[in-house]
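Trainee: If you scroll down you'll find the structure; I have some questions about it.
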Amino acid sequence: MDQNKIEKPKQSEYWDSVLDPQNLSEDEEVPVNLLSELEFYEAPAQEFAYDLMGDIEGKSILEIGCGLGVNAIILAQEGAQVTGLDLSSRRLEAVSEIIMENEISGINLVCGSGETLPFPDESFDIVYTNAVMIHMDKPKAIKEIRRVLKPGGVAVMVEPMKYHPLANLYRILMAPRMWRTIADYITFKDLESFDFHFDSYGHKEFYFISFLSFYWQFIMRNLLLFHKSLMILQPIDSLLFRIIPPLGRVAWFTVYWGRRAR
Ligand SMILES: C[S@@+](CC[C@H](N)C(=O)[O-])C[C@H]1O[C@@H](n2cnc3c(N)ncnc32)[C@H](O)[C@@H]1O
């Protein structure tokens, strides 16, 4: 898809109507049980991303496309000062309600676009995205990410990729139709274009057969079976990715990191 075809009004209008932490159903109600979602985020790609951030106590983190705030809450609970930015004012209102109700501190919410960040140069120790680069004009967004990173800072992105066969089947048969016009999934070519903006960088792929574990997250909502099946399938995936490196191209997710030198 031509990235310039991802229309901004369409994006914010759509996300304003999806107040579901799984980012799936168009539900007019503000979710009250968002905090129950936190444990589903204890998954290998997210945990690897958090490890890349190191000790985040007292660090300033910008989460672009914070959505309903699940990651922002996790990071703030670890002691970071989190700025959650999102295109959807309605989603931010929902997050604001949740953080007030649960007396969660350390989160500042800003409505805006990741392609024109409303922050001065060198503002953040860490910039984080989770399934958001796919909705943005990537060349513009990556330039902005580099700009707002402090020297020594790191960008960490957890993003879905383009060629996983089952993920694509799901995207065609079951995912909201709108996703087809608002998402442009990540390829290795995109990752190479990100490298140009950083002084050191890398990426690691996740979920080939362990894609199946997410049935227990997205369809059946069974946390125990979700974690148990990941415990079995994730080591098999790690082995497969190690012995057959080209398999990374058809992984479901990638975690990319790029560091700005001091
Ligand atoms: C798939 S959801 C992911 C939300 C969240 N990161 C998570 O992990 O649940 C994509 C989010 O990105 C936001 N978004 C889309 N385009 C954006 C842009 N250009 N700038 C900022 N946020 C954007 C949407 O409003 C939505 O909340």
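Trainee: Here are Ser105, Ser113: which of them is surrounded by 18 or more Cβ atoms within 10 Å (Cβ to Cβ), modelled with pLDDT of 95 or more, farther than 23 Å from Phe214 by Cβ and polar (S, T, N, Q)?
Mentor: Ser113
Trainee: Here are the criteria: (1) of a type in the set (A, V, I, L, M, F, W, C); (2) over 16 Å from the mean Cα position of the chain (by Cα); (3) more than 14 Å from the ligand (Cβ to nearest atom). Tell me which single one Ala155 does not satisfy.
Mentor: (2)
Trainee: I'm trying to understand the selection: among the residues of the range 103-120, which are within 14 Å of the ligand (Cβ to nearest atom) and assigned to a strand (DSSP E or B)?
Mentor: If the condition is that a residue be within 14 Å of the ligand (Cβ to nearest atom) and assigned to a strand (DSSP E or B), then Ile107, Leu109, Val110, Cys111 are the ones that fit.
Trainee: Would you check which residues across the range 233-255 are surrounded by fewer than 12 Cβ atoms within 10 Å (Cβ to Cβ) and either touching a helix residue (DSSP H, G or I) at 6+ places or on another chain (Cβ under 8 Å) or part of a helix (DSSP H, G or I) (or both) and list them?
Mentor: Result: Leu239, Arg242, Ile243, Pro245, Pro246.
Trainee: Exactly one condition in (1) buried (at least 20 other Cβ atoms within 10 Å of the Cβ); (2) more than 9 Å from the ligand (Cβ to nearest atom) is false for Ser123; which is it?
Mentor: Here Ser123 clears every test but (1).
Trainee: Would you mind stating whether Gly84 is part of a strand (DSSP E or B), in contact with a helix residue (DSSP H, G or I) (Cβ under 7 Å, 6 or more places away or on another chain) and closer than 15 Å to Val156 by Cα?
Mentor: Yes: the conditions hold for Gly84.
The values are calculated or read from the model by the stated rules, or taken from the named source; none is laboratory data. Note that the structure is a prediction, hence the values are computed from the model and not measured. Neighbour counts are summed over all protein chains in view; Cβ atoms, including those assigned to glycine, are modelled from backbone coordinates with ideal geometry.
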